[in-house]
Amino acid sequence: MKEREAGDGQAFSPLSLVQEHSLTSALKLELERMIFDGSIGAGERLNESILAARFGTSRGPLREALQALGEQGLVSFTRNRGAFVRQLTIDEAQELYDLRAALDDEVGRKLANTLRDDESASLEKLLRTMDKEAKAGNIRRYYPNNLRFHDLLVTYAGNSRLAEIYRRITRELHLFRLQGLYAGGAVPSNVEHWNILKAIQSGSAERAAAAMRIHIEAARARMLKAVKRR
């Protein structure tokens, strides 16, 4: 069977990519976005020639971007075959969910004591948008906002090292999280987000940690259910 290869499709202007970033950084960000939104699937080959033509650039900056994605755990390299979007095993995903659960517990407890009113208002506004996307079944729009909600929680917690570790885990888990959402998990997921925010707003560290724990375990269950359906 012919291997799936990323890169076919609409061409991108390199000029638009370098407005705010170096070419390598811009290519990395665009490839990361394509992996996160499902445009490039797990296990898919990242053909350098096709991608370079698509982005209108040479293969050098593209190769550097792929190496950077490899350091993030999103891309793996096979000798004589090239780069592929990394595929996690169930056991690897379970370990990452365990780590995320521990971090979420700390974030919830911290925010129960430190979340400001303006931060709370920003989270409420985002969740209202996500409600509409979840009910419409628009996972392509919901998923990036889902990532943003959790990233804001970690950012507002004010621990840069914790945020760095959390973001790496998030990048590695993205495919399994997407599968859970596409299997009908967006609406319950956002109900859990509201419960998290309300618990944090209550000022109770225990309640906030419990809401975070319920959400991560529900997300894990959705992921496992979706994987079993494949």
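The values are calculated or read from the model by the stated rules, or taken from the named source; none is laboratory data. Just so we're clear, the structure is a prediction, and the values are computed from it rather than from any experiment. Cβ atoms come from the backbone with ideal geometry, glycine included; neighbour counts cover every protein chain shown.
A compact table of results
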read-out: Identity of the residue in segment 191-215, over 20 Å from the mean Cα position of the chain (by Cα) and among the charged types (D, E, K, R), that ends up nearest to L152 (Cα to Cα); value: K198
read-out: Residue that is modelled with the lowest pLDDT [pool: residues in segment 36-65 that are crowded, with 19+ Cβ neighbours inside 10 Å and among the β-branched types (V, I, T)]; value: I40
read-out: Those residues of segment 87-129 which are among the basic types (K, R) and closer than 17 Å to S189 by Cβ, in sequence order; value: R100, R128
read-out: Hey, L23 modelled with pLDDT under 90, buried (at least 17 other Cβ atoms within 10 Å of the Cβ) and not assigned by TED's automatic domain parsing to the domain that holds R177 or not; value: yes
